[in-house]
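The values are calculated or read from the model by the stated rules, or taken from the named source; none is laboratory data. Just so it is clear, the structure is predicted and the values come from calculations on it, not from any experiment. So basically every Cβ, Gly included, is an ideal-geometry build from the backbone, and we count neighbours across all protein chains shown. For the accessible areas, the whole protein counts, side chains as well, though only heavy atoms, and no ligand, DNA or RNA atoms are used. Shrake-Rupley method; radii C 1.70, N 1.55, O 1.52, S 1.80 Å.
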Amino acid sequence: MDSLSQDIRYGLRVLSKRPAFTAVAVVALALGIGANSAIFSVVNALLLRPLPFRDPDRLVQVWESDVKRGQDTGTVAYPNFADWRDQNDVFEQVVAYSDRTFDLTGAAEPERIQGAIVSPAFFPMLRIKPMLGRVLLAEEDQPNKVFSVVMSERLWQRRFDSDPQIIGQAIDLNSESFTVVGVIAQVTDLSGMPDETELWIPISHSRGFDNRRGHYLSVMARFKSGVTREQAQANMDTIASGLAARYPDSNTDHGVRLVPLQEQIVGDFRLALLVLLGAVAFVLLIASANVANMLLARAASRQKEIAIRTALGAGRFRLIRQLLTESLLLSALGGAGGLLLALWGVYLLVAFGPANLPRAKEVAIDGRVFAVSLLTGIIFGLVPALQASRPDLNETLKESGRSTTGSVGHRRVRGLLVVSEIALSLVLLVGAGLLMRSFLKLQAVNPGFNPQNVLTMQISLRGPNYQKEAPVIAFYDQLLDQIKALPGVQSVATRSHLPVALDEDYANLSFNIEGQFYEPANRPSAFYNAVSPAYFQTMEIPVLKGRSFDEHDVIKAQTVIIINETLAQRYFLGEDPIARRMTLNDVNPNEEDWATVVGIVKDTKPRELDREPVAEMYVPFAQQPRSSMVLMIRTTNKPEGLVAAVRREVQTLDKNQLVHSIRPLESVMSEAVATPRFRTLLLGVFAVVALILAMVGVYGVMSYTVTQRTHEIGIRVALGAQGSDVLKLVIGHGMALAFAGIGIGLAASVALTRVISKLLFGVKATDPVTFVVIALLLTSVALLASYLPARRAAKVDPMVALRYE
């Protein structure tokens with residue numbers, strides 16, 4: 001322990017005498033360890049840590065697949081769910097659920113609450129026990145309108161002040177009275193159920209108990225003990241085949257797909273997270289290689305000291321321990337800095353990550369990866385220690401020994417480390433460049449409408465006054481007139497769904513075209529929206545042919561419909577759709593069920609921006625009224641300033657109605673690309689860090705080489721070498737290393753970038769422009785890093801250099 005204490009004190013003195021060396025080494029390690037720890041902590045929480053349910057490996061998400069539409073994760077109609085539940089032999093429990101919103105009214109201020117309808121077996125299947133009261137009962141699984149509700153602990157605390165007498169009390173939800181039967185902890189990270197869900201009511205408040213075409217339920221199941229996924233899939237395939245045979249109109253080409261719950265929750269984030277984990281591993285390797293290079297250079301400069309220690313009797317183990325102690329001190333300091341960076345990084349990842357990042361609240365620093373990262377730094381310190389602990393005493397103790405450039409082994413290892421740094425940096429830069437180009441192309445996609453200066457908000461009319469169509473139409477007509485009169489409003493319209501992918505309830509309805517015959521199971525479908533007359537003007541969607549809706553398109557008038565260009569081209573077979581008729585009625589349509597096509601509008605992107613346009617149809621709101629609508633308000637200035645005024649107009653018409661989901665459309669569009677932006681930003685940051693570390697590595701090696709070869713350079717100058725000759729000598733050495741690294745990096749990039757091909761949009765994984773630009777960038781950086789020491793070498797005074805030692 002005494003000698004170890006001496007080693008530590010000596011190591012601290014050595015590090016303090018070289019503050020620049022110590023600072024660079026500590027910062028490099030801190031960047032590598034901090035980034036690695038932060039990203040692995042996220043990966044661990046999302047991919048590796050078990051779900052917070054009992055026996056989570058037995059839980060699966062059960063989707064209905066549709067071969068015709070190429071959809072393998074579709075929601076389920078209630079009758080199909082009931083048949084799955086009753087006919088299977090492989091599940092302990094099968095449950096269904098769907099998200100809902102509720103207006104909670106009463107003594108306090110009205111509040112919009114996120115909730116869900118669930119099968120009563122939902123809570124027992126997840127092994128969730130109530131904190132107070134009970135969960136829903138099996139007899140509440142029937143369509144008999146049982147008015148029971150389970151609430152979350154968070155809502156109980158926030159709204160009801162943790163009242164222990166809450167069980168048995170009645171609360172008003174959507175103007176109906178529900179009895180509170182239980183309080184549970186929060187349920188998170190389930191597909192189709194938002195994390196902020198705070199109320200659960202029986203599925204008896206659902207709809208479409210006899211409609212096999214009404215797909216709206218998410219389904220989960222728990223395997224029986226000993227049942228494998230393959231056995232369960234085979235059993236469900238048999239059930240699906242039987243349903244298709246009995247109900248061909250609704251179930252033809254419909255199957256079942258089982259997805260492990262953890263895989264379902266992580267979803268598309270898995271590949272992106274693994275890519276980011278690989279990226280930070282590269283950063284750690286580059287940082288460690290940088291430190292190893294610095295330690296090798298310092299060890300070469302301490303050859304005489306080590307030779308003297310050896311001559312005085314120091315054994316090799318003793319020398320390795322001394323040098324390793326210094327490396328350990330560097331790793332500890334870098335690790336401490338890395339821990340601070342990791343804490344900060346995890347906070348930023350969670351705070352600025354996409355809103356749909358699963359299990360984000362469970363992310364915390366993982367001590368194991370911190371220890372592994374620290375160990376990596378120690379291992380890279382071991383290589384220089386082993387090299388330095390075998391000095392050539394005869395050469396090193398000569399007076400001229402100090403002027404040597406280090407052993408051939410030292411030079412080769414340092415060169416190999418620099419080449420590795422450049423190669424790893426190039427792979428990261430190419431990956432970041434591909435994602436950046438992909439993201440820029442995604443942002444440049446024309447959604448088909450103008451989102452600038454548009455305010456969106458949703459109103460869901462609740463209460464007995466809005467059970468019929470007429471008062472609903474009257475409310476929105478008056479509201480639109482009042483909002484249009486507000487200062488700063490250019491135009492205002494309503495739409496039944498948000499125009500981008502964030503709205504999961506976007507309707508997709510089948511249709512028939514007069515004169516064409518489709519089997520019920522093969523009827524075409526399109527996204528469906530009810531809109532007010534000014535919608536296309538407000539959103540600046542061009543009407544390509546025909547007309548827009550107007551004030552004459554009301555319930556008693558001729559039923560009309562507008563389609564987009566994709567639907568027109570795909571289903572009207574080259575004929576003019578104007579004045580043709582369509583129907584949304586499944587069977588035996590009456591005369592009033594037929595709608596006349598009066599216009600064709602330009603395609604929009606109602607779902608993901610990175611997909612091709614889909615068929616879409618619009619109906620007049622006054623002919624197909626809905627109680628829940630999205631307001632779209634185009635303004636002359638920033639739209640946020642109108643929020644208070646619009647709220648007042650709603651309250652003027654009906655003080656009991658809530659306005660919610662208030663957002664500028666630009667922020668909605670920004671959120672739609674939040675995930676690709678997030679991964680692009682992170683990989684870009686890691687690539688820049690890697691580039692800086694690689695530049696420092698090249699500069700460090702070349703600077704040290706120049707210092708060690710000062711005597712040699714002086715002799716060359718004395719013998720007639722010009723400054724340009726010295727520049728070529730030094731830069732040539734640096735660029736030889738750079739070109740070797742770039743060549744290896746390009747080859748590795750061609751292989752590794754294929755991994756991220758699924759994350760790209762409009763760019764190939766082997767995009768030549770990206771490869772060439774990144775290679776030129778890295779070449780320029782290496783040239784600069786080599787030029788700075790070379791310029792210093794070219795200015796060497798031969799008289800000073802020959803007296804250098």
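From the list GLY599, GLY546, exactly one residue is small (Gly, Ala, Ser), at pLDDT 90 or above and either open to solvent by 50 Å² or more (accessible area, probe 1.4 Å) or in contact with a helix residue (DSSP H, G or I) (Cβ under 6 Å, 6 or more places away or on another chain) (or both). Which is it?
On the way: GLY599 fails: either open to solvent by 50 Å² or more (accessible area, probe 1.4 Å) or in contact with a helix residue (DSSP H, G or I) (Cβ under 6 Å, 6 or more places away or on another chain) (or both).
When all the criteria are applied, what remains is GLY546.
Residues being at pLDDT 70 or above, of a type outside the set (Gly, Ala, Ser) and open to solvent by less than 50 Å² (accessible area, probe 1.4 Å): count how many of those fall in the range 299-323.
Qualifying residue count for the region: 6.
I'd like to know if the range 244-251 contains one or more residues that are assigned to a helix (DSSP H, G or I), open to solvent by less than 10 Å² (accessible area, probe 1.4 Å) and modelled with pLDDT under 90.
In the first step, residues of the range 244-251 are kept if they are assigned to a helix (DSSP H, G or I); the result is 244-246, 248-251.
This time we only want the ones that are open to solvent by less than 10 Å² (accessible area, probe 1.4 Å), so: 251.
This time we only want the ones that are modelled with pLDDT under 90, so: 251.
Checking the range 244-251: at least one residue is assigned to a helix (DSSP H, G or I), open to solvent by less than 10 Å² (accessible area, probe 1.4 Å) and modelled with pLDDT under 90.
So ASP163 fits all but one of (1) within 37 Å of the chain's Cα centre (by Cα); (2) at pLDDT 90 or above; (3) more than 16 Å from ILE201 (Cβ to Cβ); (4) surrounded by 13 or more Cβ atoms within 10 Å (Cβ to Cβ); what number is the exception?
Of (1) within 37 Å of the chain's Cα centre (by Cα); (2) at pLDDT 90 or above; (3) more than 16 Å from ILE201 (Cβ to Cβ); (4) surrounded by 13 or more Cβ atoms within 10 Å (Cβ to Cβ), only one is false for ASP163: (1).
Has the range 64-71 got any residue that is over 24 Å from the mean Cα position of the chain (by Cα), at pLDDT below 85 and part of a strand (DSSP E or B)?
yes
Which one of these does VAL418 not meet: (1) β-branched (Val, Ile, Thr); (2) closer than 30 Å to VAL685 by Cα; (3) open to solvent by 10 Å² or more (accessible area, probe 1.4 Å); (4) over 28 Å from the mean Cα position of the chain (by Cα)?
(3) is the only condition that VAL418 fails.
Inspect the range 481-504 for any residue being among the acidic types (Asp, Glu), surrounded by fewer than 19 Cβ atoms within 10 Å (Cβ to Cβ) and closer than 28 Å to LEU567 by Cβ and give the result as yes or no. Can you show your working first?
Taking the range 481-504 and keeping what is among the acidic types (Asp, Glu), we get 481, 503-504.
In the following step, the residues that additionally are surrounded by fewer than 19 Cβ atoms within 10 Å (Cβ to Cβ) were identified as 481, 503-504.
With the extra rule that they be closer than 28 Å to LEU567 by Cβ, the set shrinks to 503-504.
Taking every residue of the range 481-504 in turn, at least one turns out to be among the acidic types (Asp, Glu), surrounded by fewer than 19 Cβ atoms within 10 Å (Cβ to Cβ) and closer than 28 Å to LEU567 by Cβ.
How about the range 166-177: which of its residues are open to solvent by less than 40 Å² (accessible area, probe 1.4 Å) and β-branched (Val, Ile, Thr)?
Matches in the range 166-177: ILE166, ILE171.
Report, by residue number, each residue of the range 484-510 that is among the β-branched types (Val, Ile, Thr) and modelled with pLDDT under 85.
Taking the range 484-510 and keeping what is among the β-branched types (Val, Ile, Thr), we get 489, 492, 494, 500.
Across the range 484-510, the qualifying residue is only VAL500.
Go through (1) outside any helix (DSSP H, G or I); (2) crowded, with 16+ Cβ neighbours inside 10 Å for VAL650 and report which single condition fails.
Unmet for VAL650, out of (1) outside any helix (DSSP H, G or I); (2) crowded, with 16+ Cβ neighbours inside 10 Å: (1).
Which one is farthest from the chain's Cα centre (by Cα) among residues in the range 137-158 that are open to solvent by less than 50 Å² (accessible area, probe 1.4 Å), modelled with pLDDT under 90 and not β-branched (Val, Ile, Thr)?
First, the residues of the range 137-158 that are open to solvent by less than 50 Å² (accessible area, probe 1.4 Å): 140-141, 146, 148-152, 155-156.
Now narrow it down to the ones that are modelled with pLDDT under 90: 140-141, 146.
Restricting the remaining residues to those that are not β-branched (Val, Ile, Thr) gives 140-141.
Numbers: GLU140: 38, ASP141: 36 Å.
The residue in question is GLU140.
Only one of SER749, SER757, SER724 is farther than 24 Å from VAL419 by Cβ, touching a residue at least 12 places away in the same chain (Cβ under 8 Å) and hydroxyl-bearing (Ser, Thr, Tyr). Can you tell me which? Give the derivation first.
Values: SER749 fails: farther than 24 Å from VAL419 by Cβ; SER757 fails: touching a residue at least 12 places away in the same chain (Cβ under 8 Å).
Matching residue, one of SER749, SER757, SER724: SER724.
Just for the range 73-97: of the residues that are among the polar types (S, T, N, Q) and open to solvent by 10 Å² or more (accessible area, probe 1.4 Å), which one is nearest to ASN211 (Cα to Cα)?
First, pick out the residues of the range 73-97 that are among the polar types (S, T, N, Q): 73, 75, 80, 87-88, 93.
From the residues that got through so far, the ones that are open to solvent by 10 Å² or more (accessible area, probe 1.4 Å) too are 73, 75, 87-88, 93.
Details: THR73: 19, THR75: 13, GLN87: 19, ASN88: 21, GLN93: 23 Å.
That would be THR75.
Just for the range 602-637: of the residues that are open to solvent by 20 Å² or more (accessible area, probe 1.4 Å) and basic (Lys, Arg), which one is modelled with the highest pLDDT?
Per the stated criteria, the residue is LYS602.
Looking at this structure, is ASN529 polar (S, T, N, Q) and surrounded by 19 or more Cβ atoms within 10 Å (Cβ to Cβ)? Explain how you work it out, then say what you get.
Details: polar (S, T, N, Q): yes; surrounded by 19 or more Cβ atoms within 10 Å (Cβ to Cβ): yes.
For ASN529, the condition - polar (S, T, N, Q) and surrounded by 19 or more Cβ atoms within 10 Å (Cβ to Cβ) - is met.
Considering (1) at pLDDT 90 or above; (2) in contact with a strand residue (DSSP E or B) (Cβ under 7 Å, 6 or more places away or on another chain), say which one LEU653 fails and leave the rest.
(2)
When you scan the range 109-166, how many residues do you find that are of a type in the set (D, E, K, R), in a helix (DSSP H, G or I) and closer than 24 Å to GLY208 by Cα?
Taking the range 109-166 and keeping what is of a type in the set (D, E, K, R), we get 109, 111-112, 127, 129, 134, 139-141, 145, 153-154, 158-159, 161, 163.
Now drop any that are not in a helix (DSSP H, G or I), which leaves 139-141, 153-154, 158-159.
Narrowing the set further to residues that are closer than 24 Å to GLY208 by Cα leaves 139-141.
Of the residues in that region, 3 qualify.
Given the criterion more than 28 Å from ILE203 (Cβ to Cβ) and more than 20 Å from the chain's Cα centre (by Cα), identify the matching residue among GLY74, GLY34. Spell out how you get there, then give the answer.
Values: GLY74 fails: more than 28 Å from ILE203 (Cβ to Cβ).
On inspection, the qualifying residue turns out to be GLY34.
Residues are listed down the side, and each one gets a yes or a no for (1) in a strand (DSSP E or B); (2) of a type in the set (Phe, Trp, Tyr); (3) in contact with a Lys or Arg (Cβ under 8 Å, 6 or more places away or on another chain):
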{"residue": "VAL187", "(1), (2), (3)": "no, no, no"}
{"residue": "GLU196", "(1), (2), (3)": "no, no, no"}
{"residue": "TRP200", "(1), (2), (3)": "yes, yes, no"}
{"residue": "GLY208", "(1), (2), (3)": "no, no, no"}
{"residue": "ARG213", "(1), (2), (3)": "no, no, no"}
{"residue": "ALA221", "(1), (2), (3)": "yes, no, no"}
{"residue": "GLU230", "(1), (2), (3)": "no, no, no"}
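Please state which one of ASP66, ASP72, ASP55 is in contact with a strand residue (DSSP E or B) (Cβ under 8 Å, 6 or more places away or on another chain), on the phi > 0 side of the Ramachandran plot, touching a residue at least 24 places away in the same chain (Cβ under 8 Å) and not small (Gly, Ala, Ser). First the steps, then the outcome.
Working: ASP66 fails: on the phi > 0 side of the Ramachandran plot; ASP72 fails: on the phi > 0 side of the Ramachandran plot.
Of the residues listed, the single one that is in contact with a strand residue (DSSP E or B) (Cβ under 8 Å, 6 or more places away or on another chain), on the phi > 0 side of the Ramachandran plot, touching a residue at least 24 places away in the same chain (Cβ under 8 Å) and not small (Gly, Ala, Ser) is ASP55.
Okay, residues lined up against (1) within 30 Å of PRO676 (Cβ to Cβ); (2) out of contact with any helix residue (DSSP H, G or I) (no Cβ under 7 Å at 6 or more places or on another chain):
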| residue | (1), (2) |
| --- | --- |
| SER724 | no, yes |
| VAL730 | no, no |
| ALA736 | no, yes |
| GLY743 | no, yes |
| SER757 | yes, yes |
| LEU784 | no, yes |
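Being open to solvent by 50 Å² or more (accessible area, probe 1.4 Å) and without any contact (Cβ under 8 Å) to a residue 40 or more places away in the chain is the filter here; which residues of the range 462-476 pass it?
Within the range 462-476, GLN467, LYS468, ALA470 meet the criteria.
Which condition number does THR228 fail, the rest of (1) closer than 22 Å to ASP103 by Cα; (2) loosely packed, with under 15 Cβ neighbours inside 10 Å; (3) of a type in the set (Val, Ile, Thr) being met?
With respect to (1) closer than 22 Å to ASP103 by Cα; (2) loosely packed, with under 15 Cβ neighbours inside 10 Å; (3) of a type in the set (Val, Ile, Thr), THR228 is out only on (1).
Can you tell me which residue within the range 505-526, out of those that are over 41 Å from the mean Cα position of the chain (by Cα) and of a type outside the set (Asp, Glu), is surrounded by the most Cβ atoms within 10 Å (Cβ to Cβ)? Can you show your working first?
Restricting attention to the range 505-526, the residues satisfying the condition of being over 41 Å from the mean Cα position of the chain (by Cα) are 514-517.
Of the ones still in play, those that are also of a type outside the set (Asp, Glu) are 515-517.
Numbers: GLY515: 8, GLN516: 13, PHE517: 7.
Here the residue is GLN516.
Confirm whether ILE742 is open to solvent by less than 20 Å² (accessible area, probe 1.4 Å), closer than 23 Å to MET436 by Cβ, in contact with a Gly (Cβ under 7 Å, 6 or more places away or on another chain) and part of a helix (DSSP H, G or I).
Working: open to solvent by less than 20 Å² (accessible area, probe 1.4 Å): yes; closer than 23 Å to MET436 by Cβ: yes; in contact with a Gly (Cβ under 7 Å, 6 or more places away or on another chain): no; part of a helix (DSSP H, G or I): yes.
Criteria not met by ILE742.
Which of the residues spanning the range 511-520 are at pLDDT 80 or above and farther than 22 Å from GLN71 by Cα? Spell out the reasoning first.
Taking the range 511-520 as the starting set, the residues that turn out to be at pLDDT 80 or above are 511-516.
If the condition is that a residue be at pLDDT 80 or above and farther than 22 Å from GLN71 by Cα, then ILE513, GLU514, GLY515, GLN516 are the ones that fit.
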